[in-house]
């Protein structure tokens, strides 16, 4: 699934206001130019959480509940 190449293992994505390349997980804590390299951004995490919440409510599919759990216990609490 193409989406899983941009959503990382903790359930988030992006830094410096853009998506990273496929499979790039630079959480080094250093700067690239003027941008700080972190694994993901809180705003992306919350938006991904909201999308999965709405999809769960619309479809009732367990995969969205599983993604909500992953986002909450990994990306959101670690933000």
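The values are calculated or read from the model by the stated rules, or taken from the named source; none is laboratory data. Note that the structure is predicted; figures quoted are calculated from it, not measured. Don't worry about glycine lacking a Cβ; one is built from the backbone with ideal geometry, like all the others, and counts go over all protein chains shown.
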Just to be sure I understand, how many residues within region 40-79 are more than 17 Å from residue 12 (Cβ to Cβ), out of contact with any helix residue (DSSP H, G or I) (no Cβ under 8 Å at 6 or more places or on another chain) and outside any helix (DSSP H, G or I)?
1
With the checklist (1) in a helix (DSSP H, G or I); (2) at pLDDT below 80 in hand, flag the one item residue 8 doesn't pass.
(1)
Residues of region 59-79 satisfying the condition of being within 15 Å of residue 46 (Cβ to Cβ) and touching a residue at least 12 places away in the same chain (Cβ under 8 Å):
67, 68, 70, 71, 72, 74, 75, 76, 78, 79
What about residue 27, is it loosely packed, with under 12 Cβ neighbours inside 10 Å, at pLDDT below 65 and part of a loop (DSSP other than H, G, I, E, B)?
no
In region 38-75, anything modelled with pLDDT under 80 and surrounded by 15 or more Cβ atoms within 10 Å (Cβ to Cβ) is listed as 38, 39, 40, 41
